1. Taking the beta-carbon count within 10 Å as an exposure proxy, list I192, I390 from fewest neighbours to most.
2. Could you go through the stretch 426-434 in sequence order and give the Karplus-derived ³J(HN,Hα) for each residue, using 6.51 cos²θ - 1.76 cosθ + 1.60 with θ = phi - 60°, rounded to whole Hz, and x for Gly and Pro?
3. Check which residues have an amide H placed less than 5 Å from Y197's amide H, if you skip close sequence neighbours.
4. Kindly write out, for the stretch 304-320 in residue order, the coupling ³J(HN,Hα) from the Karplus curve 6.51 cos²θ - 1.76 cosθ + 1.60 (θ = phi - 60°), rounded to whole Hz, with x marking Gly and Pro.
5. So, in nm, how far is label R474 from label N173 when the simple model puts each one 7 Å beyond its Cα toward the Cβ?
6. Of the trypsin sites (Lys or Arg not before Pro) in the stretch 179-229, which ones lie in a loop per DSSP and count no more than 11 other C-beta atoms within 10 Å?
7. Would you mind ranking I176, I168 by Cβ crowding within 10 Å, fewest neighbours first?
8. When ranked by the protection proxy of mean other Cβ atoms within 10 Å per residue, highest first, what sequence do the peptides 364-374, 227-237 form?
Amino acid sequence: MWAEVQDFCSKVLDSISPIIAARATNRLQPAIPDLRVVLNRLRLPSRPHREHGALIQFSMRNVLKIFRWAWILFFFCGGLHSQVESRNRRPSSVPTRSRSGQFIVLGESSIKEDLSRNSVLVPGGPQRTVSLTPLRPMDSQGIANLTPALLSVSCERIKGELLRVLKIEDRFNGSIVVRILPEVSRLPPARIFATQYADGWRYTLEFQERVHWTLLVRTTVEALLLEIANRGNPNQLNPIPLWLSEGITTLLIGESSRELVPQMNREFKDLSRSMDPLVAIAAKTSGRSPLGFDVMAFPSDSLTSNTNQFQLFQGSSALLVHHLRLLGRGGGSLGSLVFSFNQSLNWQTGFLKTYQAEFQSLLEVEKWWAVQASAFYVQNASREISTETIDRFLRSILQENVEVARSTNSPVGRRLLRLSDTIEQWPFAAQLPVVERKMTQLRHLSVLGSRYFSRRNSAAVDPELRTRFDQVRRLMDVLDPYLRERSNSGNLVKRGDVDPRIRVLVQVTTERLRLMEQEILGSP
């Protein structure tokens with residue numbers, strides 16, 4: 001009987017694949033001797049030993065040896081099984097590491113493996129994984145066929161351009177795993193997984209093997225921004241505001257063309273493409289007025305789900321990022337802004353901390369952005385100017401957002417104040433920057449009107465649009481003499497003194513403005 005067991009074990013060992021057997025022997029030989037030698041050492045009797053016609057008996061020592069080696073054999077077979085399973089779970093290609101070493105690209109893996117993947121527990125704390133799904137591309141042209149070699153080169157090119165825009169050095173903390181998956185229509189074409197470990201956050205990018213090249217750029221940019229903003233962060237993941245990631249991506253595509261994703265196809269190689277970022281921004285806005293800062297800071301679901309509106313959001317965000325990188329310390333504050341997310345309560349506090357020399361509150365950012373948006377609109381307005389756009393500009397000029405508190409200990413809230421009340425109630429030192437900003441916007445609209453009417457026949461001009469530009473001219477006729485007279489050094493008197501001429505000027509200007517406000521805004 002025992003001879004049959006020995007023969008069976010010998011056949012099992014002989015049937016193991018040479019490669020797996022060699023690997024198993026190399027790993028387990030110091031702890032487990034040859035099973036044939038072990039079985040021989042047991043020295044079990046080949047025939048049953050009968051005493052007085054009793055049953056077969058074995059010594060207690062031999063029984064213990066049987067159990068001991070049975071357990072060893074059990075774990076040995078389990079180890080071989082795990083090695084075979086680990087070989088089956090490996091990707092179909094060898095991992096490709098990018099030039100800098102930050103990106104590790106894995107070849108095509110199965111969806112079944114992706115869905116059954118286990119998360120690694122974080123030592124000393126709860127494990128946390130955040131899944132991010134970038135928005136889908138805006139068109140179906142320019143599909144890239146992803147390979148590990150193409151992805152490793154593309155990720156490095158995108159990172160190089162991002163570091164150039166942010167004006168920071170390449171000091172990454174931890175690698176980013178990039179996985180290529182088969183095409184499955186029920187799954188998003190690109191995903192980002194951020195997993196928290198004991199020493200910080202790690203990121204995994206997943207792309208289906210055929211994706212739009214702009215989606216590849218957008219996903220990689222967002223992952224890199226997450227890595228920069230969360231270096232050494234042991235707490236909750238600091239998200240990247242959508243306006244920043246989309247704005248930077250639009251600038252990278254406009255300034256670096258489609259060579260960010262190397263392809264031999266002509267679709268990805270356009271040498272005649274302009275490298276001017278404002279050209280790419282104008283292509284996104286399509287002659288429309290950029291969105292307000294408050295809309296970009298907190299975009300609604302309806303905005304991100306509408307293709308036409310989201311393109312305007314991308315162009316507006318890129319214009320905002322373009323102006324922000326020109327502010328601060330030699331254009332380097334954009335990189336400081338991303339680093340500040342790791343040391344701030346949210347991106348808003350980090351924004352004000354980074355640009356504290358330019359803005360004291362987000363309200364000041366909105367007012368500054370309103371002037372930049374109107375100037376861009378005048379330069380890039382389409383031939384068909386809408387009455388609604390001019391009317392929106394006029395309404396914003398005749399109203400001023402202010403932050404006020406109802407009582408000493410109450411929180412600060414926002415209130416809309418009409419321009420006539422500002423001139424009547426505020427001291428001139430406080431109203432001066434407001435009136436100057438309004439005049440700048442009116443001059444922009446006046447230039448736009450002159451250029452528009454010069455290209456049009458008088459009979460072809462929309463009467464409503466002519467009325468709006470006439471209101472722009474009348475507002476300038478009210479504010480320009482008031483600003484010029486009040487800014488005259490001869491009219492500046494000591495504190496507490498009021499020149500009678502100034503009283504009359506304020507009264508006349510206020511009355512004329514209230515008539516304009518009644519016409520454009522309606523009754524208060």
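Each reported figure results from applying straightforward, stated rules to the coordinates on display, with no laboratory input. Predicted model, so just to flag it, every value in this text is computed and none were measured. FYI the Cβ positions are ideal-geometry reconstructions off the backbone, even for glycines, and counts take in every protein chain you see.
1. Numbers: I192 19, I390 24.
Fewest-to-most Cβ neighbours within 10 Å comes out as I192, I390.
2. 7, x, 4, 4, 7, 8, 4, x, 5
3. Those lying under 5 Å, H to H, from Y197 are R202.
4. Per-residue couplings from phi come out as 6, 8, 9, 4, 5, 5, 5, 5, 5, 4, 5, x, 5, 5, 5, 5, 5 Hz.
5. 6.0
6. Working: sites: R179, R186, R191, R202, R210, R218; in loops: R186.
In loop regions of the stretch 179-229 (DSSP not H, G, I, E or B), the sparsely surrounded trypsin sites (Lys or Arg not before Pro) are R186.
7. Working: I176 22, I168 16.
Going from sparsest to densest Cβ surroundings: I168, I176.
8. Numbers: 364-374: 18.7, 227-237: 16.5.
Going by the mean number of other Cβ atoms within 10 Å, highest first, we get 364-374, 227-237.
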